[in-house]
Amino acid sequence: MGVNVTSIKTSSNGAWQGDNPLDFAFPLLIVQTTLILVLSRFLAFLLKPLRQPNVIAEIVGGILLGPSAFGRNKDYLHRIFPSWSMPILETVASIGLLFFLFLVGLELDLSSIRRTGKRAFGIALSGISLPFICGIGVAFVIRKTVEGADKVGFGQFLVFMGVALSITAFPVLARILAELKLLTTQLGEIAMAAAAFNDVAAWILLALAVALAGDGPGEQKSPLISVWVLLSGVAFVVFMMVVIRPAMKWVARRCSPERDVVDEAYICLTLAEGEFAERLIERIEDFVSGLLLPLYFASSGLKTDVAKISGGRAWGLLMLVISTACAGKIIGTFAVALMFRMAVRESLALGVLMNTKGLVELIVLNIGKEKQVLNDEVFAILILMALVTTFITTPTVMAIYKPARGSSALTHRKLRDLTNTDESKQELRILACLYGLGNVPSIITLIESTRSTKKSQLKLFIMHLVELTERSSSIIMVHRARRNGLPFINRLRRGVWHDRVTGAFQAYSQLGRVSVRPTTAISALSTIHEDICHVAETKKVTMIVLPFHKQQWRGEGYEQTVENVGHGWRLVNQRVLKNAPCSVAVLVDRGFGNGAQTPGPTASTTAQSVCILFFGGADDREALELGGRMAEHPAVKVTVVRFVENEGSERNGVLLRPSASKSNEKNYSFCIAKLNPEKEKELDVAVIAEFKSKWDGMVEYTEKTASNIIDDVLGLGQCGDYDLIVVGKGRFPSPMVAKLADHQVEHPELGPVGDLLASSSHRVLSSVLVIQQHDPTHTEETPATKVAQDDDDELKGEVTSGVGEISKVV
């Protein structure tokens, strides 16, 4: 239906002056956009546990808002989505589509296509050909079954049906692969390269279909027009590569990494490549992907009227189209993948992945509907087919394919293991995680402090943790790295972050026998701990070092500036502490390494002063082991403070019981394993004796009788004598630490003493390192609380040796 553009007014005078804002284009567009975004985000939240891409939620949201659901109320449909407003909504959506296609081009990794070569091309060719042929077969059935379908030209209808069934959605596939942690595997690389070939073929076929469609079913144009369309496209690509690409390289050099501001003239000029494109895309991708593109997907849903699919015949056709699309794509891909000697499960998973539909599919269907090649019923059938095939991709791949993760036979899961074995003198492996550049100085200083100048060589893995979002730049970062399983080891390519971090750690590696290997993990925050633990397992790591989610800087006097990277990263640390295959250290940085000279192997003066607090227990023994390694470094002064109870307190144990709230945020968690307290004391005494004997004269050792634990610990942190204080987490608490079980909790994952020192309200000046020793038999913990003294006598008979119903720490 035609729209009289001159009769549409942009804005109203306001409701107070008698105007209905919904009768004007701009206010109505705002209402429509708000409805679409709110509903699609809500549906995306509901579908998140199923790991579905956002495109599913956005199309379903459009279907619900359109004539299939809410639109059955005609008053609502004519008021919120009147026919005169749809061209305006679709125009705005098309602007988003234009920008999004630019993002898609940035995601296209030509080097991966070249690496996979003939295999990807063969898989893509079979993945297009068989479903295209099947689509032609289905077209015959639909033309004879659906009323009005035979009014369209035969060739036009066949091409549109063939294209609709043979397309693979490149952008949607990239996000599904990233979500499944397959993007950097061999399977993911082949799938992306084949999808890229498929995408190119789909656009060529789409151009052919548009040329054949003409202006509608009543008009057919010469097939020569299709040839001219194809030749024009080729000429355009050649012009862009030969003329525009060199010009954009010049623009990219003008916008070098050192220049943070991108000139507006260059933004107007560019659809560029390289770092300039990445920096440009950071400024537009949220607006495009978060606001404009959902309008395009939703507009497709708004045009879909599921009610047109009525009766057993129509639903039978829907099942036929879905099964044909799945069978053609999966069988075609599977057969050729087997011919290229891929494993059966990989081949099957690849076929399912290639069956993903998305943006190009919707473009084809929308053009087909606009050109009246597809009527309402056929359009609805094909939209639902795209939804179903994409929806089943993730769960199906998860069910049939799990990438092999070889488990390491390494037994050095804690520092103590290295001391107890002769083979330990060869190499210590540490995995240090970074959120950003701010973590670099403290991590380098900590690692150098632990580097033994006498014994083993140190191998350091640096992992940059990046949250995977729907933003394209996350995918770009993946493509800038070489594949290496999950996650991946970076190629040291150019890039602002990588240049600085890599340069810092490569310079550090020249100091001595230190091997540094930068890595990057790109995952959702809910699963990134799996990447960390997997690398720790496969790289035979002895200790993981995590930055605390808050970074603090000293100001004048006791003033401190605190930067919080977010609660999500705190949850990452908690999951790593729970699931790590080795010991874990959490570094609370208060400028460690910024104020003093970085220790070097030939330093003659002390650059760092480190204090080890020892209360007793496995975690404290691991902290003491780390202190021993630090003591070997000539530029590090180590002080050990052992807290002991006075004679009267030793006879009185501390009763702990599981917290009634069962909250990990309100109470400290302690291990529920049953241990022999006397044996634990013997181990503590033996470790202290061994340490004093080994490091006599090199380490300052003092014993402090505990009178007030809180004041004593905070006094050491506030005095400013130590650059770093190392403490155990205290999962098997000594009686002194157990007394802190009811202390106000701020960061329970650090344990009672670590939490005390990490709090920004206590004016602690020293950085803090909290150690958790790995013990696979004692991983289960429960929140616990201290039993009141009044209840002590009546509970004496119920005491056990672990934190079960009632436990006593003696």
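Computed from the coordinates by the stated procedures, all read-outs in this text should not be read as laboratory data. The structure presented is a predicted model; accordingly, all values stated were derived computationally and were not measured. No Cβ is skipped: glycine too gets one built from the backbone with ideal geometry, and neighbour counts run over all protein chains shown.
What to note about this one:
- Judged by the mean number of other Cβ atoms found within 10 Å, the most tightly packed of the peptides 761-768, 32-39, 173-180, 353-360 leads the ranking 353-360, 173-180, 761-768, 32-39.
- Segment residue 666-residue 10, extension gain: residue separation times 0.36 nm, minus the distance between their alpha carbons: 230.7 nm
- Cut-off 19 Å (backbone N to label point 7 Å along Cα→Cβ of residue 571), residues of the range 46-72: 46-54
- With both labels modelled 7 Å from their Cα along Cα-to-Cβ, the residue 372 to residue 150 distance reads 1.9 nm.
- Two-site label geometry, residue 19 and residue 310: point separation in nm, points 7 Å out along Cα→Cβ: 4.0
- For the pair residue 247 and residue 526, the difference between a 0.36 nm per residue extended length and the Cα-Cα distance amounts to 96.2 nm.
- Listed residue (695, 720, 733) projecting farthest to the positive dipole end of the range 678-745, Cβ model: 733
- Contour minus Cα-Cα distance for residue 239 and residue 284 (0.36 nm per residue): 13.6 nm
- At R0 = 35 Å, FRET efficiency that the Cβ-Cβ distance of residue 48 and residue 563 yields, to 0.05: 0.80
- Unsatisfied cross-links (Cα-Cα over 29 Å) in the set 303/329; 308/329; 540/739; 118/329: 540/739
- Net charge of neighbours whose Cβ lies under 11 Å from the Cβ of residue 745, counting Lys and Arg as +1 and Asp and Glu as -1: -4
- For the peptides 17-25, 329-337, the ranking by packing is 329-337, 17-25, with the highest mean count of neighbouring Cβ atoms within 10 Å listed first.
- Three-way shape call for the range 25-79 based on the alpha-carbon gyration tensor, with the a/c threshold at 1.5: oblate
- Order by protection proxy (mean Cβ within 10 Å, highest first), peptides 569-581, 607-619: 607-619, 569-581
- 9 Å beta-carbon shell around residue 767, net charge (K/R +1, D/E -1): -1
- Estimated FRET transfer efficiency when R0 is 60 angstrom, pair residue 75-residue 517 (beta carbons, to 0.05): 0.40
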